[in-house]
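This report concerns only the one structure given below.
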Amino acid sequence: MERLYSKVRPDHGKKLEAIGLSFWQWDNYWKEDACYRFSVEQIDELEAATAELHRLCMEAVRHAIEHGRLGDLHIPEAFHPAIRLSFEGRDFSLYGRFDLAYDGIHPPKMLEYNADTPTSILESAVAQWYWLKDVFHDGDQFNSLHERLVARWDALPDETLIHFASIADNEEDWVAVTYLMETAIQAGKKVAHLNVEQIGWDAGRRAFVDMRGRRIDCLFKLYPWEWLMREPFAENIIGSGTRFIEPIWKSVLSCKGILPLLWELFPGHPNLLEAHFNRPHGLAAYVKKPLFSREGANIELHRDGRLAHRSNDGPYGAEGHVFQALSPLPCFDGVYPVIGSWVVGDEPAGMCIREDVTPITTNMSNFVPHFFR
């Protein structure tokens, strides 16, 4: 695994905007004056670790449901039966993304699993693939995301219309949802977009509806389950008849409480980090993470009993924390890369890299392409 300096395509901005990556300039988000090179063996290792971690996570979901541990994940009790039914019925799931610490030498370590609302999907599936063809046309990339997404939508039972919802005035989310809509269209599905704030409730029909009064039978929502469960209309979710994508059982995986459950079930696994619900006494270095933190907010790194680094303040932490053994990220040229390893359905599908100038990956991180040969 190497970080290399790379030639910037003179027309890269136009090419990125042509595929819909409208925010590529924000805080220098898209970065192609550098890239990461991997060996074939390293890519095989990342792919195998992703498949293994997804398998372990599915076992952890089953354990949490069967042994009454959903409360430990701060999931409201009213939703526990629905989660059980959703998981036992294996309700349709589209995708997810592991965040992994990896230096190309030691086994990849799971930092967390964004199994509910991962973004950076257009960058991963399309933008870095076109970059590869322009810059390293004789190289390859761990990236079958687009094809697998289309195939996964094709496996979804027939729906008259799939609604796609994202938060109003959030361009990054809108770009991700618009791209996912395109993959569904390529699978032959009919789609419609609306803002989360525009979803209505028709009490007479006991159904969620769009602005035209159409019943929402299938909803892809780029909106976290932990937020949905606490909305004023949350009581209507169960029994509404709406198929949610991601399904409600994915709320178990997207909570960082899954980390100590995994360690309880599979202690010492080479792809896991020791993790606990309570402050550990035997760890010299650990990370304190809120159960629902996003974009690196409210995270603390501790070494030798001292606070070593704290990310920017955010709204998280009141719901509780987990404590995970610190796995220092590799540092290349003063930046710290995190591997984002994608799962579509139940299969590894590709990866992306985000790097930050701090050892905590935040919303100021840069997207950097990769290749192998």
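The values are calculated or read from the model by the stated rules, or taken from the named source; none is laboratory data. Everything quoted here is computed from the prediction, not taken from an experiment. Quick reminder, even Gly has a Cβ in these numbers, built from the backbone with ideal geometry, and neighbours come from all protein chains shown.
Being at pLDDT 95 or above, over 29 Å from Ile185 (Cα atoms) and crowded, with 20+ Cβ neighbours inside 10 Å is the requirement here; does Leu100 meet it?
Yes; evaluated as a whole, the condition is true for this residue.
Tell me whether segment 290-310 contains one or more residues that are in contact with a His (Cβ under 9 Å, 6 or more places away or on another chain), farther than 16 Å from Asn363 by Cβ and touching a residue at least 60 places away in the same chain (Cβ under 8 Å).
yes
For segment 57-99, how many residues are among the hydroxyl-bearing types (Ser, Thr, Tyr) and assigned to a helix (DSSP H, G or I)?
Total meeting the criteria: 1.
Conditions (1) part of a helix (DSSP H, G or I); (2) at pLDDT 90 or above; (3) among the aromatic types (Phe, Trp, Tyr); (4) under 15 Å from Pro328 (Cα atoms), marked per residue:
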| position | (1), (2), (3), (4) |
| --- | --- |
| His269 | no, yes, no, no |
| Leu272 | no, yes, no, yes |
| His302 | no, yes, no, yes |
| Pro315 | no, no, no, no |
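Residues to consider are Trp201, Trp153; find the one that is part of a strand (DSSP E or B), over 28 Å from Trp26 (Cα atoms) and in contact (Cβ under 8 Å) with a residue 24 or more places away in the chain.
Trp201
Select from segment 156-177 the residues that are out of contact with any His (no Cβ under 9 Å at 6 or more places or on another chain) and in a strand (DSSP E or B) and list them in ascending order.
Ile162
Hey, can you tell me all the residues within segment 216-249 that are basic (Lys, Arg) and surrounded by fewer than 17 Cβ atoms within 10 Å (Cβ to Cβ)?
Arg230
How many residues are closer than 16 Å to Tyr130 by Cβ and not in a loop (DSSP other than H, G, I, E, B) if we restrict to segment 1-43?
9
Counting only residues that are free of Cβ contacts under 8 Å to residues at least 60 places away in the same chain and either surrounded by fewer than 16 Cβ atoms within 10 Å (Cβ to Cβ) or among the aromatic types (Phe, Trp, Tyr) (or both), how many does segment 171-181 have?
Residues flagged as free of Cβ contacts under 8 Å to residues at least 60 places away in the same chain and either surrounded by fewer than 16 Cβ atoms within 10 Å (Cβ to Cβ) or among the aromatic types (Phe, Trp, Tyr) (or both) within segment 171-181 amount to 1.
Taking segment 361-373, which residues are touching a helix residue (DSSP H, G or I) at 6+ places or on another chain (Cβ under 8 Å), buried (at least 19 other Cβ atoms within 10 Å of the Cβ) and in a loop (DSSP other than H, G, I, E, B)?
The answer is Pro369, and nothing else.
With the condition kept exactly as written, say whether any residue in segment 328-336 is surrounded by 21 or more Cβ atoms within 10 Å (Cβ to Cβ) and β-branched (Val, Ile, Thr).
Within segment 328-336, not a single residue is surrounded by 21 or more Cβ atoms within 10 Å (Cβ to Cβ) and β-branched (Val, Ile, Thr).
Quick one: in segment 1-37, of everything that is among the hydroxyl-bearing types (Ser, Thr, Tyr) and over 21 Å from the mean Cα position of the chain (by Cα), which residue is surrounded by the fewest Cβ atoms within 10 Å (Cβ to Cβ)?
Step by step, filter segment 1-37, then rank; the result is Tyr5.
Yes or no: Ile105 assigned to a loop (DSSP other than H, G, I, E, B), in contact with a Cys (Cβ under 9 Å, 6 or more places away or on another chain) and β-branched (Val, Ile, Thr)?
no
So, in segment 111-150, exactly how many residues are under 26 Å from Met364 (Cβ atoms), out of contact with any strand residue (DSSP E or B) (no Cβ under 6 Å at 6 or more places or on another chain) and not in a loop (DSSP other than H, G, I, E, B)?
Looking only at that region, the number is 9.
For Val343, state whether it is surrounded by 16 or more Cβ atoms within 10 Å (Cβ to Cβ), out of contact with any helix residue (DSSP H, G or I) (no Cβ under 9 Å at 6 or more places or on another chain) and either of a type in the set (Asp, Glu) or under 27 Å from Ile43 (Cβ atoms) (or both).
no
Val252 - would you say it is under 20 Å from Gly96 (Cα atoms), crowded, with 20+ Cβ neighbours inside 10 Å and of a type in the set (Val, Ile, Thr)?
For Val252, the condition - under 20 Å from Gly96 (Cα atoms), crowded, with 20+ Cβ neighbours inside 10 Å and of a type in the set (Val, Ile, Thr) - is met.
Pick from segment 274-284 the residues that are closer than 15 Å to Val322 by Cβ and among the hydrophobic types (A, V, I, L, M, F, W, C): which of them is modelled with the lowest pLDDT?
Leu283
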